[in-house]
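Take a look at the structure below.
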Amino acid sequence: YSNNTSAGTATVTVTGKGNYTGTKTANFTINRAPITISATPYSGTYDGRAHGISVSVTNVTGASITYCATQNGTYSSTNPTYTNAGTYTTWYKVTKAGYTTVTGSKTVAISKATITVPSSPAAKTFNGSSQNSGITAQANTSIVTASSTTSATNAGTYNVVLKLSDTTNYTWSDGTNANKTVTWTINKYNLSN
């Protein structure tokens with residue numbers, strides 16, 4: 001007979017011997033075994049690091065896991081990762097000889113990081129020296145830039161316009177990317193003090 005351990009259709013042929021004559025042929029099917037996987041999407045806030053989905057096989061060893069950044073693209077063993085805020089889809093394929101191929105997709109969702117909109121600082125009093133507004137929105141000045149007066153000497157009210165330089169990955173805490181104007185004041189010195 002035909003000895004077949006692979007998935008598919010096999011044929012068994014019995015030939016008569018001794019008191020038996022003739023042959024008998026029969027087909028039988030070996031079904032592919034299932035592969036059980038665990039596939040996990042990624043969801044988080046922009047942190048400057050690369051993130052991807054996670055796929056693992058839970059019931060067999062030696063299975064091949066391949067990935068693709070487009071549904072009908074070329075699969076490879078490299079799991080695509082993403083850094084910038086946005087929603088991305090990664091397709092995966094899990095294969096092993098004799099097992100049913102598993103395909104699917106999961107998303108990588110990276111939300112924008114938020115920057116707190118600063119409030120107007122307490123007023124200062126004229127002292128004859130240059131004074132800083134004290135307005136700070138974000139320590140990283142490459143993300144938030146001040147396009148107006150942040151320090152002054154004379155009494156008056158000053159506007160500081162704050163701009164997000166990276167609107168791909170950051171947003172103000174109010175959900176907008178619009179420039180923010182914050183006022184600060186240097187009061188006149190009261191001679192009667």
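The values are calculated or read from the model by the stated rules, or taken from the named source; none is laboratory data. Only a predicted model underlies this, so the values are computations on that prediction, with no experimental measurement involved. Positions of Cβ are backbone-derived with ideal geometry, glycine not excepted, and every protein chain shown enters the neighbour counts. These area figures cover heavy atoms from the full protein model, side chains too; ligands, DNA and RNA do not enter into them. Shrake-Rupley method; radii C 1.70, N 1.55, O 1.52, S 1.80 Å.
Using a Förster distance of 25 Å, how high is the FRET efficiency between Thr45 and Thr176, based on the Cβ-Cβ distance and rounded to 0.05? After rounding, the FRET efficiency stands at 0.90. Between Lys124, Lys17, Lys112, the residue with the greatest mean-square fluctuation in the GNM of the chain (Cα pairs under 10 Å linked by springs) is Lys17. Give me the base-10 log of I(q)/I(0) for the chain at each q in 0.10, 0.14, 0.16 Å⁻¹, Debye formula, one uniform scatterer per Cα, rounded to two decimals. For the requested q values the scattering log ratios are -0.68, -0.90, -1.01. Note on Ser120 and Tyr189: the model spin-label points, each 7 Å out from Cα along the C-beta direction, lie 2.4 nm apart.
Taken per residue, the accessible surface of segment 77-156 reaches 54 Å², heavy atoms only and a 1.4 Å probe. With a simple spin-label model that places each label point 7 Å from the Cα along the Cα-to-Cβ direction, the separation between Ala155 and Thr87 comes to 5.6 nm. Given their separation in residues at 0.36 nm each and the Cα-Cα distance between them, Lys24 and Val60 gain 9.3 nm when the chain is fully extended.
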